[in-house]
Each structure stands twice: as structure tokens, then as C-alpha cells.
There are 2 protein chains.
Amino acid sequence: MISINQVKFIQSLKQKKFREIHDQFIAEGSRLVLDLISSRFVVKEVFAEQQWISLNRAILGANNISFTLVSESEMSRISALSSPSPVLSIVTIPEAAELPSSFQDEIILMLDDIKDPGNLGTIVRIADWFGIGTIICSENMVDLYNPKVVQATMGSIARVKAIYANLGDFLQQIKGSTEVFGTFMSGENIYSCNLPSSGIIVIGNESNGISKEVSEYVNTRLQIPSFANNNAPSAPESLNAAVATAIVCAEFRRQGIQ
Amino acid sequence: MISINQVKFIQSLKQKKFREIHDQFIAEGSRLVLDLISSRFVVKEVFAEQQWISLNRAILGANNISFTLVSESEMSRISALSSPSPVLSIVTIPEAAELPSSFQDEIILMLDDIKDPGNLGTIVRIADWFGIGTIICSENMVDLYNPKVVQATMGSIARVKAIYANLGDFLQQIKGSTEVFGTFMSGENIYSCNLPSSGIIVIGNESNGISKEVSEYVNTRLQIPSFANNNAPSAPESLNAAVATAIVCAEFRRQGIQ
């Protein structure tokens, strides 16, 4: 049984303002909650249906996580999902990780003003798949702890660190210590470019691409070639930001294993 | 000025049932509407704000498209978008294209039960970018003319043909005439596989992958290798369906130009 105050509190965490006040966010779905419990995140509390509790009581006990039993209709009141899952957790937002200062053998993603929650979540999932542990995000882009972002990561939020920073300041500070790549509508064909096993890959905003300030620090402009029919009356303008991220990360890793 | 009946009619087209009754769908946004006007699609009618009409009156005239001037508040009543654009069009659903019967030098995408509108729209956009003109969709998956799908294609719906069919029947019929590839959680590493310049690439459902019936027709099972840390307490299970599509299409095209 869940109290009105608990319902109100959980609903408030759908807004960034209240996530910042309480330093907490919500994460739903069995896979995601279990991934978070086994990660560096601290799961504070779990709201779950009877069957989920029965199955996972030992894990909750071993990790000292308190739980509240809820009915299906209570779950639909607190869930941010259109099809609620049997478990919702409240998780502490960890202290911001430190920005990286050495870049040996590490690929880092940098996101310049990604606005769409689904794109950020999908990019975190892509980073996880390609063994990229750190994402540096521009200060005013979409919040990592937005429930739609958390959901779209499909558990990868538990394994990939995202750090918000002023990108220009950071790039100025580390200038010369690693190569900075950016994806643009025109640049070197990514397939004819020799890609190293370390560096920063910058992905730009969905509509405007990489900002002028950040592009000044880009050493190599990469382009994903289009194979569209040039004789058609119209042509595709671009790829979705998460899709471009995937193709670039895949090509860096492919070259690394050849 | 728009009538109540027009508002009701446009709103009804957000539902598949009414799109099928009227053989019409809605498409919004200047880029998308202009791409559709210059394509094989027939744009029946346009609802737009004054400025858009002034800019595009010649194009509307040349294509015999009737238009209705609407205010911003009228637009927000008919639009399916959270941030309405200055133009909404009503477009005739074209007759279903014929299924391909020869496969020389052509890559065809086949979607086995994609459910998410954003994924289908993004896949159409990816196909367009990589010069793939035909997508074969399973009968009960998400509808191409769903407003969220149309939007996510970013205009690519004007250039890529999607044909709904019974996949098993089609694959049985064309058996032996082209190679059928599918993406699976285990299979040949896509980077060590020699990919041809023609064939069918099957992409499976977001949760369940490729169905048993369809996988029986797959000649080559492809796998996108993960580079995640194997020593971590948990690991990513999969990539988003549209992201996997992008990586596979990019690799087919990359090998084609080498």
C-alpha cells in the first residue's frame, strides 16, 4: 500500500527541478532495476508488485533496499510508462564524476546539445555496446535522469558515466592531449579515414549540428557518406543523431580490430 | 478559416481505421510536405499559416493543390505534433507497390514485426540515406502512415517504398533467388563476413527478434559484435532495432565501395 505523499513524491521526480532538490530519480522495469542494484548506483527504495518481490526478495535483502508492495492500479498511478512494469525504483543521483584528463586507449563521446530524451537514452545504450565508458554532455542539453532517457538506455545507464560540463572550457583545457573528431555534413569520408583507438567523438544537436564554439576544437571532420540516388527530385538531409553515433562508433571499433 | 468538420476529419486520420476508410494520411512540416509534393505521392490539400502560403503559392498552383489558411491556434487543434509546424497536408495513400521479383544489385530491407513508430520512421530514413528503395514489412507491424512514423521519416517516406506482406509466403516464393541475411544475438561477425551488393536484410522485433517462421529462410545469420567490458557485473543485451539496421546497412555499403 502506497501513501498519497509517496505518490506525490514519485510524480514530482518526473520534473528536473525536483530531481535536483532531492538528488533522486526514478527507474522502472525489472532489468533496469536489477542492473542498477548491481552497479555503482544506490537504489534507495523499490515499489513493486507481489510477484516481483517474491522473486527478488533475496537481492533486496542483500542490498538493504526497503520495498513497498503495490497493486497494479497503484503502479499505473506512479509509473511514467504507458505500459507500467511490475517494479519502480527510487535511485540516488550519484555525485558528478570527474572529467577525464588522460586519454590513452580510450574513446570518449561528447554530446553537443542533444535535446531529445530518446536520442540521449539510445546513445548511452550505443556507448555501452561499443565499450565507451564516458560521455561528456553540454550543460543545457536534456537531463540524463529524465525518465524517458533512463528508460531508453535499457539498463546501460548503470554502466556508462555521463558528465555534464562546459564543452568549450573542457576542450580548451585538454587541447593537444587527444584528437577530437566531429561528424559534419561535409568532411572526410569516415571509411577512408584512419581512425585511432583513442580520441573524442563529438555529436551535434539534432537540428543544428555541432556548435561553432565546439567545432573550433575539432581536428578531424568526419562525414558518413550517403548512397541515396542523386537524380531524385529530393534527397535525405541527414541521419538521426543516435543513428549517426552508432555508425561512427561501429566504424571506430571495426578499424580497431582489423 | 477551418470548419469543425475539417478538424474532425483531420483528427480522425490519426487512427489507422479512418486512414484505411479514406485512403488518406496526414503529413506535417514544410520540408516533409514539399518532399511529398515533388514525389510520387498525391498531396490532396494543405492547411497552412499565411507566411507559408505566401512563400509556396507557386508550388501549390503548379501542382493543383487546394489550400486553407489557418491561424496558429487552429493549427494546434489539428496538428499531431507537440510543437506544430506552419503546414499540415492531407495525402492520398498510394496503391500498394508490387513485391520485387528480381534482386540484381539491390539491397532490400525486411522488417519482421517492428512495433515502435519512431523505430519504423527512423528505419525508413536510414534506408533512404543508404540508397535502399524498398522495405518489406510484416502484415501486423506498426502502420507506415501513423503520424509518428511519417514524422520520424523526416521526408524519407517520399522516396522509400514500404510494402506490407506475409513475410513467410514471400520468402517461400522467392526462395533461392537471392541471399537472405538476418541480425541475431549470435551469428557470423558482420565485420569478418563478405557482404554482397544484393540481398535481403531482415530486422526483427524490438523484444523478440526475428520470428521462427522467418528465420528458417535466413541463409546467413549476422551478429554485430559488442565491445562491452566482459568483467562488469552486467552487460548490454542488445542494440535498438533502428540502430542495428543502421550499422548493418552501413557495413553492406562500406564493403561495396572497398
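Nothing in this text is a laboratory measurement; each read-out follows from the coordinates by a stated rule. Predicted, not measured: the structure shown is a model, and the values here were computed from it. Positions of Cβ are backbone-derived with ideal geometry, glycine not excepted, and every protein chain shown enters the neighbour counts.
Just from its helices, what would the mean residue ellipticity at 222 nm be for chain B, if runs of 4 or more DSSP H residues each count -39500 (n - 2.57) and the sum is divided by every residue, rounded to the nearest 500 deg cm²/dmol?
On the way: 10 runs with 91 residues, N = 258.
Using -39500 (n - 2.57) per qualifying helix, the result is -10000 deg cm²/dmol.
Which whole-number percentage describes the relative contact order of chain B, with Cα contacts under 8 Å and a sequence gap of 6 or more?
Working: 460 pairs, mean separation 48.8, N = 258.
Worked out over chain B, it gives 19 percent.
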| request: Would you kindly work out, in nm and rounded to one decimal, the distances from the label point of residue B:197 to those of the same position in each other copy, ordered shortest first, with label points 7 Å along Cα-to-Cβ? | output: 3.4
| message | When a/c reaches 1.5 or more, the comparison of a/b and b/c decides; with that in mind, is region B:130-258 rounded, prolate or oblate per its Cα gyration tensor? | response | rounded
| request: Run through the other copies and list how far each one's label point is from that of residue B:77, in nm with one decimal, shortest first; the point sits 7 Å from Cα along Cα-Cβ. | output: 3.6
| task | Find the chain B residue whose Cβ sits closest to the rotation axis that carries B onto A, and give that distance in whole Å. | result | B:246, 3
| Using alpha-carbon positions, what is the distance between the centroids of region B:89-156 and region A:177-209, in Å? | 29
| task | Calculate the spin-label point distance for residue A:219 paired with residue B:14, positioning each point 7 Å from the Cα along the beta-carbon direction, and give it in nanometres. | result | 5.0
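Quick one: grab the alpha carbon gyration tensor of the protein assembly as shown, order the square roots of its eigenvalues as a ≥ b ≥ c, and give me rounded if a/c is under 1.5, else prolate or oblate depending on whether a/b is larger than b/c.
Numbers: a/c = 1.40, a/b = 1.22, b/c = 1.15.
Taking the square roots of the gyration eigenvalues as a ≥ b ≥ c, the protein assembly as shown is rounded.
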| Per-residue mean of C-beta atoms belonging to partner chains within 10 Å, peptide B:119-126 | 3
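State the extension gain, in nm to one decimal, for the chain segment bounded by residue A:77 and residue A:44, taking 0.36 nm per residue of separation less the distance between their alpha-carbons. Display every interim value, and only then the final one.
Values: separation 33, 0.36 × 33 = 11.88 nm, distance 1.98 nm.
Length gained between residue A:77 and residue A:44: 9.9 nm.
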| note | Toy charge model, Lys and Arg Cβ at +1, Asp and Glu Cβ at -1: the protein assembly as shown dipole around Cα centroid in debye, rounded to 20, equals 600
| remark: Ranked from fewest to most other Cβ atoms within 10 Å of their own Cβ, B:169, B:112, A:128 fall in the order B:169, B:112, A:128
| Roughly how many nanometres apart are two label points built 7 Å out from the Cα toward the Cβ at residue A:57 and residue A:69? | 1.0
| task | Classify region B:4-92 as rounded, prolate or oblate, taking a ≥ b ≥ c as the square roots of the eigenvalues of its Cα gyration tensor: rounded when a/c is under 1.5, otherwise prolate if a/b is larger than b/c and oblate if not. | result | oblate
| query | Here are some pairs, A:16/A:115; A:17/A:148; B:8/B:115; A:14/A:115; B:16/B:148; A:115/A:148; which of them have Cα atoms lying more than 18 Å apart in this structure? | reply | B:8/B:115
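Per residue of B:248-257, how many C-beta atoms from partner chains lie within 10 Å of its own C-beta, taken as a mean? Mind showing how you got there, number by number?
Numbers: counts 1, 3, 13, 4, 1, 5, 9, 1, 1, 5.
Mean shielding count: 4.
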| field | Calculated label separations, residue A:64, copies of the chain, 7 Å along the beta-carbon direction, nm | value | 7.7
